[in-house]
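Working notes for the structure below.
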Amino acid sequence: MKFLVINGPNLNLLGVREPDIYGKEDYAALCSLINATAEELGVSVEIYQSNHEGDIVDKIQRAMGRADGIVINPAAYTHTSIAILDALKAVALPTVEVHLSDIHSREPFRNVSITGNAALKIIHGFGFKGYRQAMIYLKEQIEK
Ligand code: DQA
C-alpha cells in the first residue's frame, strides 16, 4: 500500500513559523514522524511539500494509479482552493485532510475547508500526531 502525503505552503517553515500555534519542531521532524508511522503501518510513503497551488494540483494528478491514498495538509489553500478540491475529486483517491492547529477555534476565515469536501475525514488540532491519526484512518478505510 502506498500513501502520498502532501504539505502545502509555509509548512516547510515549521519550527520557525508561529511556534505558539504550530509548535517548535521543524519540518524534518514532521517528515520523520510520517516515515516512522509508515514503517509502523507497513505502508510505503512519499512526502511532498510545495508552496505553489498548481504544483500541488500536478502532484495530485500524478498520484492517479501510483498511490492508494492521500493525506493532505493544504495549509492556506484549504480555505481558498477549488483547484485542489477538483484535483482530489478527479483522481478520486481516498483522502484524509489534516491540520496541525484547530482551524475551528481560530480566525473565522479558517473555519471553512473547501478542500475538505473531497476528504473522508478532517483531523485538526492534534499537532504532528494528527498525521499519524490520518495515516492510521486512511489505512483502515482502504482495507475496508
Ligand atoms: C494549517 C491551518 C491553515 O489555516 C494555515 O493556513 C496553515 C496551516 C494547519 O496545519 O493548522 O498554513 O493547515
* **Top-ranked residue in the range 56-77 [being within 16 Å of the ligand (Cβ to nearest atom) and not hydrophobic (A, V, I, L, M, F, W, C); ranked as farthest from Val5 (Cα to Cα)]** => Tyr77
* Only one residue in Glu40, Glu107 is near the ligand (Cβ under 10 Å from one of its atoms) and open to solvent by 50 Å² or more (accessible area, probe 1.4 Å). Which one? -> Glu107
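Output the number of residues of the range 79-104 satisfying the condition of being in a helix (DSSP H, G or I) and either aliphatic (A, V, I, L, M) or crowded, with 20+ Cβ neighbours inside 10 Å (or both). Give the derivation first.
Just the residues of the range 79-104 that are in a helix (DSSP H, G or I), to begin with: 79, 82-91, 103-104.
Add one more test, that the residue is either aliphatic (A, V, I, L, M) or crowded, with 20+ Cβ neighbours inside 10 Å (or both), and what stays is 82-85, 87-88, 90-91, 103.
Number of matching residues: 9.
Return yes or no: is His52 under 28 Å from Arg106 (Cα atoms), out of contact with any His (no Cβ under 6 Å at 6 or more places or on another chain) and open to solvent by 70 Å² or more (accessible area, probe 1.4 Å)? It would help to see each step written out before you state the result.
Working: under 28 Å from Arg106 (Cα atoms): yes; out of contact with any His (no Cβ under 6 Å at 6 or more places or on another chain): yes; open to solvent by 70 Å² or more (accessible area, probe 1.4 Å): yes.
Yes, satisfied.
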* Can Ile34 be described as open to solvent by less than 20 Å² (accessible area, probe 1.4 Å), under 20 Å from His124 (Cα atoms) and at pLDDT 95 or above? -> yes
* Would the range 60-77 turn up any residue that is touching a strand residue (DSSP E or B) at 6+ places or on another chain (Cβ under 7 Å), touching a residue at least 12 places away in the same chain (Cβ under 8 Å), open to solvent by 50 Å² or more (accessible area, probe 1.4 Å) and not in a loop (DSSP other than H, G, I, E, B)? -> no
* To do: Provide a single number: the residues in the range 1-37 that are within 14 Å of the ligand (Cβ to nearest atom) and of a type in the set (D, E, K, R).
  => 4
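Got at least one residue in the range 5-25 being of a type in the set (D, E, K, R), assigned to a strand (DSSP E or B) and out of contact with any helix residue (DSSP H, G or I) (no Cβ under 7 Å at 6 or more places or on another chain)?
At the first step, the residues of the range 5-25 found to be of a type in the set (D, E, K, R) are 17-18, 20, 24-25.
Those still in the list that are assigned to a strand (DSSP E or B) too: none.
No, that holds for no residue.
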* **Residue satisfying condition, being under 11 Å from the mean Cα position of the chain (by Cα), of a type in the set (Ser, Thr, Tyr), closer than 28 Å to Asp20 by Cα and within 13 Å of the ligand (Cβ to nearest atom), within set Thr80, Thr115** => Thr115
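On the basis of being crowded, with 20+ Cβ neighbours inside 10 Å and either away from the ligand (no atom under 15 Å from the Cβ) or not aliphatic (A, V, I, L, M) (or both), does Glu143 make the cut? Write out each step before concluding.
Working: crowded, with 20+ Cβ neighbours inside 10 Å: no; either away from the ligand (no atom under 15 Å from the Cβ) or not aliphatic (A, V, I, L, M) (or both): yes.
Here the answer is no, as Glu143 does not meet what is asked.
The values are calculated or read from the model by the stated rules, or taken from the named source; none is laboratory data. Quantities reported herein were computed from a predicted structural model and do not represent experimental measurements. Note that we place each Cβ from the backbone using ideal geometry, even for glycine, and neighbour counts take in every protein chain shown. Please note that ligands, DNA and RNA were not included when accessible areas were found on the heavy atoms of the full protein model with its side chains. Shrake-Rupley method; radii C 1.70, N 1.55, O 1.52, S 1.80 Å.
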